[in-house]
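Quick notes on the structure that follows.
No lab work stands behind these numbers, since they all come straight from the coordinates. Quick caveat, the model's predicted, so the values are computed rather than measured. Reconstructed Cβ throughout: ideal geometry from the backbone, glycine too, with neighbour counts over all protein chains shown.
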Amino acid sequence: MNELAELYQQVLLDHYRSPRHFGRPAGAEREAEGFNPLCGDRVKVYVDVEEGVIRALGFEGSGCAISTASASLMAEALQGRRIEEFERLFAAFRATVTGGAPDREVDLGKLAALAGVAEFPMRVKCATLAWHALEAALHSPAGGTTVSTE
Amino acid sequence: MERATAQRTAPTGFDVAELRTEFPILARRLGPHPLVYLDSAATAQKPRAVIEAVSRFYSEGNASVARGVHRLSGEATAAYEGARAAVARFLGAANPAQVAFVRGTTEAINLLAATLAERVEAGDEILVTRLDHHSNFVPWQRLASQRGARFVIAECDEEGELPLAEVEGKLSGRTRIVALPHVSNALGTVLPVSEIAARAHAAGALVVVDGAQGAPHLPLAVEALDVDAYAFSGHKTYGPTGIGALWLSPRLARELPPYQTGGGMIRTVGDETTDFAEAPQRFEAGTPAAAEAVGLAAAVEWMARVGIEAIAAHETALAEHAVARLESLDGVRVVGRPARRAGVLSFVVEGAHPHDVGTVLDAAGVAVRAGHHCAQPLMRRLGLPATVRASFAAFNTVEEVETLARAVERARDLFRGGRG
Ligand SMILES: Cc1ncc(COP(=O)(O)O)c(C=O)c1O
């Protein structure tokens, strides 16, 4: 059961039970939805970007503990950060949850609580759902898009 | 094999411990845990009789069916037609010519939607149910929209039953096709197929039954059901993937046009027109899946040897036991209370998302399905994004139900205090 304890750490459970930055922040002109057709999980990400800086970031949706906590921790980590920082953090986060070698220069902070996902390959898509949605929102012109994991 | 899961616990009929030894995969361990496979509604595990029949066909009898004069081709043809006869016996169908081999339930329904298309006109109605799997829902929804017909859904009630009055209320003089499942793959409800068929026929509609969960879980007498078509998938009845069967009433077998065209389904091909073969060859274009058909025959013969009544009673008893055991856990709710249940049940755990429950169960070696079960219209009606589904087969035991219940309890405790 150690793998389970690694996966469902207190930080993760806390962000699942009480997600931070839940809802659409005022001024968020971009949005994108992440959808996993295999399980039906949906996460909608709202972002306000000015001059390459994420001014505000929020999310909504219904999902499992991993996708919800990942979205919440992501939103917390990226408030006020530059888009390039998002790119580097996403790369490091993805490497971590897929069991690869993350860039040592990047500090995952509380997101490290999701490292246990690497032992559960079936759940990687849950962990990265909101990230793919944010990536789509940042790269699409104002308006909505949906990204699918399949 | 683990002693704890190998007790002689079949409440009826056969010796489960003995039967388990016929399934090589049940010897697998997942980390420290023996595999507890409760996902047979998705696909069943295979007994050695099936694995060996497929392997023997390739080792000793492989050739193209109905294509050559050489001896092996003759043997392969006989094996393939023998498999059709075995499937007909399994279905309780007197005439094997009314049984077409298909890839599975999905292909069977698509075949019907395509070949019945011309009978559906603008303003006609196609009636499906809230309990249908996407594969008996989407093809009809698409057909209705292509033909300008109305797509009507018969609603289930809170218990997961389909009330006859609801079906009667939704039937009209314009209903051309009624499509329904024999057993709900999400909730385990056994539907009153022949009662519904009688009403649909009285209204002048054809009745198409998705038997994907009926064939593995219920003794069948397809002719007595008085329906027009009955489809099932071999991989859910202990057989190989890529093979299934579609039983057609004598009238549909005679009247339906070809689905796909090509080799094997013709009589003579002229430069201008082609004369098509009779059923069932008319529906089997291309080189048939002979090894899979032989494997399917081995599977249904294996079921008959064990005793289909006994398998059904065993599975229902396990499911009812699991319902009672899970409902005894605070914070766990079984979804649907059908009066007649086959070996399938769905449940939710307060504060825990079904995927997370699935992961906790997986860590204990318990394989279940967590998700929408290809029944999104039903999930919407239930107001649930997903459920956890446990499904039972001949090889499952009461001890495995206990393992399931303990793992569910652990999941509940892990997430306790979570969002409701
Ligand atoms: C009730 C029901 N109908 C249809 C299907 C589709 O079967 P297949 O995927 O084998 O075509 C399934 C299983 O997936 C099912 O449970």
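Observations on the structure shown:
- When the residues of the stretch A:120-130 are filtered to those that are buried (at least 24 other Cβ atoms within 10 Å of the Cβ) and in contact with a strand residue (DSSP E or B) (Cβ under 9 Å, 6 or more places away or on another chain), the one that is nearest to the other protein chains (Cβ to nearest Cβ) is A:126.
- Pairing each residue of the stretch B:70-85 that is over 16 Å from residue B:54 (Cα atoms) with any residue that is in a helix (DSSP H, G or I), provided the two are 6+ apart or on different chains, yields C-beta distances under 8 Å for B:85/B:96.
- Reported count of residues in the stretch B:249-268, each being part of a helix (DSSP H, G or I) and not small (Gly, Ala, Ser), is 5.
Per-residue answers, yes or no, for (1) of a type in the set (Lys, Arg); (2) surrounded by fewer than 20 Cβ atoms within 10 Å (Cβ to Cβ); (3) touching a strand residue (DSSP E or B) at 6+ places or on another chain (Cβ under 9 Å):
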position: B:79; (1), (2), (3): no, no, no
position: B:87; (1), (2), (3): no, no, yes
position: B:97; (1), (2), (3): no, yes, no
position: B:102; (1), (2), (3): no, no, yes
position: B:112; (1), (2), (3): no, no, yes
position: B:118; (1), (2), (3): no, yes, no
position: B:127; (1), (2), (3): no, no, yes
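- Candidate set from the stretch B:345-403 (those that are facing another protein chain (nearest Cβ under 9 Å) and among the polar types (S, T, N, Q)); member that is surrounded by the most Cβ atoms within 10 Å (Cβ to Cβ): B:359
- Single residue of B:172, B:194, B:184 found to be within 21 Å of the chain's Cα centre (by Cα), over 18 Å from residue B:373 (Cβ atoms) and among the polar types (S, T, N, Q): B:194
- Taking every residue in the stretch B:27-54 that is away from every other protein chain (no Cβ under 14 Å) and within 16 Å of the ligand (Cβ to nearest atom) and pairing it with any residue that is among the hydroxyl-bearing types (Ser, Thr, Tyr) and part of a helix (DSSP H, G or I), at least 6 positions away or on another chain, the pairs with Cβ-Cβ distances below 9 Å are B:44/B:237.
- Tally, over the stretch B:89-107, of residues that are within 8 Å of the ligand (Cβ to nearest atom) and under 16 Å from residue B:265 (Cβ atoms): 2
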